[in-house]
Amino acid sequence: MPPVSASSTSPASATPSASPGDAFSRRYLWRHALLPTMAGVAGIALYAAGLRGDRLAVAIVVLPCLSYWATGWLPDFLVSLLLMFLLATCTSFGANVAFSGFSSSAFWLVFSGAVIGMALGTTGLGERIAARLADHCGHAYGAALAGFVTIAFLLGIVMPSTLGRIAILTPIVLSFCERVGLTSARPGRIGLLLATALASCELTSAVLPANLPNLVMAGTAETVLGWCLSYGEYALALIPALAVMRGVVLILVALFLFPDRLTSPRSDGTGETAAAPTVMSPGEWRLLAALSAMLCLWLTEPWHHIAAGWVGLGIALLCLGPLRLVNPDAFLRQVKLAPLWFVAAVIGLTAAVDQAGLANALRPALIRLDLAQMSSSAAYLVLVALSISLTFLVTSNAAPALYTPLVPTLAAGAPLGMKAVLLTQAVGFSTIALPYQAPPLVLAMALAGIGVRDATRFCVATALLSLVTVVPLNALWWHTIGLAP
């Protein structure tokens, strides 16, 4: 089965409202009155608070669309198109911003991931890798979750691109699921994919060069504050809670929300376990060479400056063309590209929020935040809450660019040291409550065909559990190593 052939709504998330016809039936019309009304009320409140022009328009447009994504009351692709339509018609930004997702590297990384995923299936290389993984962690669902969460974190140490890690891991996880009986109708398939994807985004927040929010924070700290964060110091402060404990949280939530059990690897029809051929086929060797070239180009991006999406697109064209790994006609028939609309909409949303300057509108209020009157525990919790709130507004990628320049002001007279104030934001932007806050997670959903409702359930549950486990344990660890009083 091609890794990306699932639709944007997974079976587990399918509901009567999953089709446009049902969504607009008479008994569901109250939903479409409720959300726009709530957006209108919020718009009046924001207008009274002084928001005007495009800032106000973007806020009013974004609120109902995020609500539709979170509730699943409309199909994902329909909400995505609605968002792009409203941004193009209700703001002064025009098509360049509203449809900027289609010119984004991330958008084409989804397309190339679909091609590469199909190539892994047709050549048998994905099955070969899955067979090796099944030998080590294919005996129990919990072991498989722990194995892939660990792999996602370890890969972050050697590969500093979350999008690249997800593009490689997702087809492999899908092949593994097929091998151990987690077909498209099984909850364990969704749990395994979401745990791996979120581990790629959240756990690697503890490794300085592993993802974009970390790099934005480090770069802004060096430029604005004159600080140069060290790899070892950063890892010591954050790995115990943000990597180890958060990884445990991901596994526990996946076991609870998507319980399942693995079956024995696929049989070949005679009762014997199917095994990958011992000798690699020419197609497997060609694909392995193409993937190796892609990985090398991703790792050397700082030198050649070709974005990951364009590298992936080039490799995809090779797979569809000269390498003869994927039949173009079969690709168009088997792979559904509807999830691309969701990716494009999220990228357009982020661009619109940035263009409107909503983050700058908050700066005066943030500067007035006074931590001097609080205890160290209270100040720590307020800063974590502030960082999480910023990810709702500008996503985790951009939140550090807003938070970091405010560190000297926030730390003035505060019971926490300036370094603790700076690093607290990592606890916040690694706590993903809704999928759109982490663009790489959106990519994983598109590649794996996971519905927004399932992803939202998982993100909300992991975020809530993290607030009562990861956040306090991180504070306790900082106290132990002397980073915070």
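The values are calculated or read from the model by the stated rules, or taken from the named source; none is laboratory data. These numbers come from a predicted model, not from an experiment. Quick reminder, even Gly has a Cβ in these numbers, built from the backbone with ideal geometry, and neighbours come from all protein chains shown. We work out accessible area using only protein heavy atoms, side chains counted, and drop any ligands, DNA or RNA first. Shrake-Rupley method; radii C 1.70, N 1.55, O 1.52, S 1.80 Å.
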TODO: Give the residue from LEU381, VAL346, ALA290 lying farthest towards the positive end of the charge dipole for the chain; charges sit on Cβ (+1 for Lys and Arg, -1 for Asp and Glu) and the dipole is referred to the Cα centre.
DONE: VAL346
Task: Estimated vicinal HN-Hα couplings, Hz - the range 319-326 in sequence order (Karplus 6.51, -1.76, 1.60; Gly, Pro = x) - done: 5, 7, x, x, 6, 6, 9, 10
Open item on the list: As an exercise, identify the chymotrypsin sites (Phe, Trp or Tyr not before Pro) in the range 104-187 lying in DSSP coil whose Cβ has no more than 10 other Cβ atoms within 10 Å.
Closed with: none
- [ ] Using only Cα atoms, tell me the angle between helix 141-158 and the longest principal axis of the chain; keep it within 0 to 90° and round to the nearest 10.
- [x] 70 degrees
- [ ] Can you tell me the 0 to 90 degree angle between the C-alpha axis of helix 105-123 and the longest principal axis of the chain, rounded to 10?
- [x] 20 degrees
- [ ] Assuming a ≥ b ≥ c are the square roots of the Cα gyration tensor eigenvalues, decide whether the range 28-100 counts as rounded (a/c under 1.5), prolate (otherwise, with a/b larger than b/c) or oblate.
- [x] oblate
Open item on the list: On a full-extension model of 0.36 nm per residue, what is the gain between PHE85 and VAL468, subtracting their alpha-carbon distance, rounded to one decimal in nm?
Closed with: 133.9 nm
TODO: Please work out the average accessible area per residue across the chain, using the 1.4 Å probe convention, and give it in Å².
DONE: 40 Å²
TODO: Hey, can you grab everything whose amide H is under 5 Å from the amide H of TRP227? Only 5+ residues off in sequence or another chain; H modelled, so Pro and N-termini drop out.
DONE: GLU222
Task: Separation in nanometres of the label points that stand 7 Å from Cα toward Cβ, at LEU225 and VAL382 - done: 1.8 nm
TODO: Whenever you get a sec, line up VAL58, VAL216 from highest to lowest accessible area (probe 1.4 Å, protein heavy atoms).
DONE: VAL216, VAL58
- [ ] Please give the length that would be gained between THR480 and THR37 if that part of the chain were fully extended, namely 0.36 nm times their separation in residues minus their C-alpha to C-alpha distance (nm, one decimal).
- [x] 154.6 nm
Open item on the list: Just to check I understand the Karplus step: with θ = phi - 60° and J = 6.51 cos²θ - 1.76 cosθ + 1.60, what whole-Hz values come out for the range 203-212, glycine and proline as x?
Closed with: 5, 6, 5, 8, 10, 3, x, 7, 8, 5
Open item on the list: For the full complex of protein chains and a 1.4 angstrom probe, list ARG186, ARG457, ARG128 by accessible area with the highest value first.
Closed with: ARG457, ARG186, ARG128
Task: In Hz, Karplus ³J(HN,Hα) per residue of the range 172-178 (6.51, -1.76, 1.60; θ = phi - 60°; x = Gly, Pro) - done: 5, 5, 5, 5, 4, 4, 4
Open item on the list: Could you work out what % of the accessible surface of the chain is carbon and sulfur, using a 1.4 angstrom probe and leaving DNA, RNA and ligands out of the count?
Closed with: 68 percent
Task: Accessible heavy-atom area order of CYS65, CYS228, CYS90, highest first, probe of 1.4 Å - done: CYS228, CYS90, CYS65
TODO: Provide the solvent-accessible area of SER281, counting protein heavy atoms only and rolling a 1.4 Å probe, rounded to the nearest 10 Å².
DONE: 40 Å²
Task: Normalised contact order of the chain, rounded percent, pairs of Cα under 8 Å and 6 or more residues apart - done: 26 percent
Open item on the list: Can you give me the solvent accessible area of ARG52 with a 1.4 Å probe, rounded to the nearest 10 Å²?
Closed with: 120 Å²
Task: Dipole axis of the chain (+1 Lys, Arg; -1 Asp, Glu on Cβ), positive-most option in SER175, ALA39, LEU332 - done: ALA39
- [ ] For helix 452-468, report the angle its Cα long axis makes with the longest principal axis of the Cα atoms of the chain; keep it between 0 and 90° and round to the nearest 10°.
- [x] 50 degrees
Open item on the list: Please list, ordered by chain and number, the residues whose modelled amide H lies under 5 Å from the amide H of GLY451; skip anything fewer than 5 residues away on the same chain.
Closed with: SER10
TODO: Tell me the label-point distance for the pair SER281, ASP370, using the 7 Å Cα-to-Cβ offset, in nm and rounded to one decimal.
DONE: 7.1 nm
Open item on the list: I'd like the accessible area for GLU284: 1.4 Å probe, protein heavy atoms, all chains in place, Å² to the nearest 10.
Closed with: 10 Å²
